[in-house]
Amino acid sequence: MDEQRAALADVVATALAMGLARYLAYARQMDKAEARRVLADELGRLRGLSYAELSGRIPARPRHVLGIVRVVEEPEEETREVTAESGMIYQLASQVIWDGKAGGDIRILVAVDDGGWSAYKPLTDDFILAPDGSFVGE
């Protein structure tokens, strides 16, 4: 009976420790300096793409269904995970949208979080690319 209690106590202790570890991982503060570096790297990667490549990610013009309902497709969000130097895994999300009229400037938005509480308020940055390949406002 003592062996069974000891085995049960080990199982309970392990389960509690695993639950606590998950809670602590979720509740930790995101390393904002490292997250900014991850964000800057992603912005740099996207800045290296051409206007044609980036504008190709924007959904086609709005379409009509049954001639009466106008459906505007939402821009696709590209998501991926990146492992930083510290071993922390960050989630990146990027969107490309028209920054005004279709065929004109495009805005590229990027957000980064570590999957914890920062997912509710990720770090973000963006840039605007003109059709001639120049960066607007820079």
Residues of segment 107-138 classified as buried (at least 16 other Cβ atoms within 10 Å of the Cβ), touching an Asp or Glu at 6+ places or on another chain (Cβ under 6 Å) and either in a loop (DSSP other than H, G, I, E, B) or at pLDDT below 90 (or both), total: 1
May I ask you to list pairs of residues, at least six apart or on different chains, whose Cβ atoms are under 9 Å apart, with the first in segment 33-48 being over 23 Å from D132 (Cβ atoms) and the second being part of a helix (DSSP H, G or I) and not β-branched (V, I, T)? A35/S118
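The values are calculated or read from the model by the stated rules, or taken from the named source; none is laboratory data. None of these values were measured; they are calculated from a predicted model. Every residue, glycine as well, gets a Cβ built from its backbone with ideal geometry; the counts of neighbours run over all protein chains shown.
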